[in-house]
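Below is one structure; the comments refer to it alone.
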Amino acid sequence: MRIGITCHPSAGGSGILATELGLALAERGHVVHFVSYEIPFRLQGFHQNIFYHSVDFVTYPLFRHPPYSLALTTKMAEVAEEYDIEIWHAHYAIPHAVCAILARDMLKNGKCFKLVTTLHGTDITLVGTDPGFFRLTKYAMESSDAVTSVSQWLTEETQREFKLSVPVRTIYNFINLDKFQTHSVDRCNLADEGEKIVMHISNFRPVKRVTDVVRAFKKISDRVNARLIMVGDGPERLSAVGVARQLGISDRIKYLGNNENIEMILPCADLVFQPSEHESFGLVALEAMACGVPVLGTDSGGVREVVVSGETGYLCEVGDIETMAARAIDILTNDQLARDMGARGRKHAETHFARGPIVSQYEALYREVLDRKCNGGKGA
């Protein structure tokens, strides 16, 4: 198949899934064309059957903001026409699915591609439900040939909010188990000998509740010789730094910034701590489990479909710092419990989230929509 993919290229769950899916499809012989404003961060180097097309857009005095969506639409139409794209996979309804619909309407000479839209959460829970985007988001989904979401929670949330006339199919995120391993690593650059490592990985947006990480870690470090490793960057980083300074634990925390080689860092952790307000899936939790690391998260959103509380880690109520700290201490002071949870996490990842079976689900979906008559953007 000839497949186009549009995604956010930055280090977020949607861009990671889109890129890993494209790489897996290319390995299976499909030809994959990525279109975005920059190359996805996990798409470095040469890959057979993978092509990248950059969206160039310029600023004009007439426009307050550069019209990226229009430039993206034009590039998608050009790529679809030149390379005879059969399937376009848009990750995010806004703006990518909307751009794909317009690009499809621009094609000439009877050409048409089928549109698959995958929902990742923010496009529904934040952008999509905003009154200014609600109708457009619903239109994008109902004009797609197929709509998927990354968790059953998100599927149900989407149907509840939008009451769609088309089905939403749950296809989970997946993990490349060859990349994320339970191997032992040298931790000397992250922690001193005898220190336990608590790790948090995110884009430091408010929904990630990074100050909860710091406040809980203060209680943890009062009982356990531990160090907090913060991976990522974003608007709440300075807040986290400020809280750490107020609590007198700045010397117990390292900030690594954004890192493209998470699979090299995760196995260093004794515990991965993700106290988010909600997660549509929880990709970091899955990556940690694949590395045999217990996960401490919140009992909200799609993460409940990833982490088995009491088996592969613990899930606590959002904002319950006392319970989170207590659960973390339980894991960090009981090596056997930590090993058992890590082993069960790896097994759970292998059984439910392996790359091969989930990529096959996408392939089957592509073939299913290709068998239908092209609707030219009028809905499935």
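A short reminder: the numbers here are calculations on the coordinates, not readings from a lab. Source: prediction; values computed, not measured. Cβ: placed from backbone, ideal geometry, glycine included. Neighbour counts: every protein chain shown.
Starting from the 7 Å offset along Cα-to-Cβ, what nm value, one decimal, do you get for the label separation of GLU322 and ILE39?
Computed distance between label sites GLU322 and ILE39 equals 5.2 nm.
Binning every alpha carbon pair distance of segment 153-253 at 10 Å from zero, what are the percents per bin?
It works out to 12, 30, 27, 19, 10, 2, in whole percents.
Among ARG187, ARG2, rank each residue by its count of other Cβ atoms within 10 Å, from fewest to most, as a rough exposure measure.
On the way: ARG187 18, ARG2 15.
Least to most surrounded, the residues fall as ARG2, ARG187.
In segment 196-352, with Lys and Arg counted as +1 and Asp and Glu as -1 at Cβ, which of these residues, VAL224, GLN274, VAL293, has the Cα nearest the positive end of the dipole, that is, farthest along it?
Selected residue: VAL224.
Given a Förster distance of 22 angstrom, what is the FRET efficiency for ASN109 paired with MET1, based on the Cβ-Cβ distance and rounded to 0.05? Before the final figure, lay out the partial values.
Details: r = 20 Å, r/R0 = 0.92.
Calculated value: 0.60.
Could you list ASP270, ASP330, ASP56 in order of exposure, starting from the residue whose Cβ has the fewest other Cβ atoms within 10 Å?
The most exposed by this proxy come first: ASP56, ASP330, ASP270.
Within straight cross-link reach of LYS111, meaning Cα distance under 17 Å, which aspartates and glutamates are found once same-chain residues fewer than 8 apart are removed?
GLU78, GLU81, GLU82, ASP84, GLU86, ASP145, ASP371
On a 30 Å Cα-Cα criterion, which of the cross-link pairs LYS108/LYS163; LYS75/LYS208; LYS75/LYS179; LYS75/LYS254; LYS75/LYS373; LYS75/LYS138 come out too long?
Table pairs above 30 Å Cα-Cα are LYS108/LYS163; LYS75/LYS208; LYS75/LYS179; LYS75/LYS254.
How many angstrom separate the Cα center of segment 49-88 from the Cα center of segment 230-285?
If we compute the Cα centre of each part, the gap is 34 Å.
For segment 294-310 and segment 1-40, write down the distance between their C-alpha centroids in whole Å.
Cα centres, segment 294-310 to segment 1-40: 27 Å.
Order by neighbour count: ILE39, ILE358, ILE85, fewest other Cβ atoms within 10 Å first, most last.
Ordered by Cβ neighbours within 10 Å, fewest first: ILE39, ILE358, ILE85.
Which ³J(HN,Hα) values, rounded to whole Hz and listed in residue order, are derived for segment 191-200 from phi using the Karplus coefficients 6.51, -1.76 and 1.60 in 6.51 cos²θ - 1.76 cosθ + 1.60 with θ = phi - 60°, glycine and proline given as x?
Values per residue, Gly and Pro as x: 8, 7, 4, x, 7, 7, 10, 9, 10, 10 Hz.
Testing the spin-label approximation: label points 7 Å from Cα along Cα→Cβ at GLU350 and ALA364. State their distance in nm.
According to this spin-label approximation, the distance is 2.3 nm.
Go ahead and estimate [θ] at 222 nm for the chain from helices alone: -39,500 (n - 2.57) per DSSP H run with n ≥ 4, summed, over the residue count, rounded to 500.
-11500 deg cm²/dmol
Any idea how far apart THR182 and LEU256 come out in nm if each label point goes 7 Å out from Cα toward Cβ?
Here the answer is 2.0 nm between the modelled labels.
Hey, what's the per residue convex hull volume over the C-alpha atoms of segment 196-352, in cubic angstrom?
92
For segment 196-352, give the share of DSSP beta bridges that are antiparallel, in percent and rounded to the nearest 5; count only bridges with both residues there.
5
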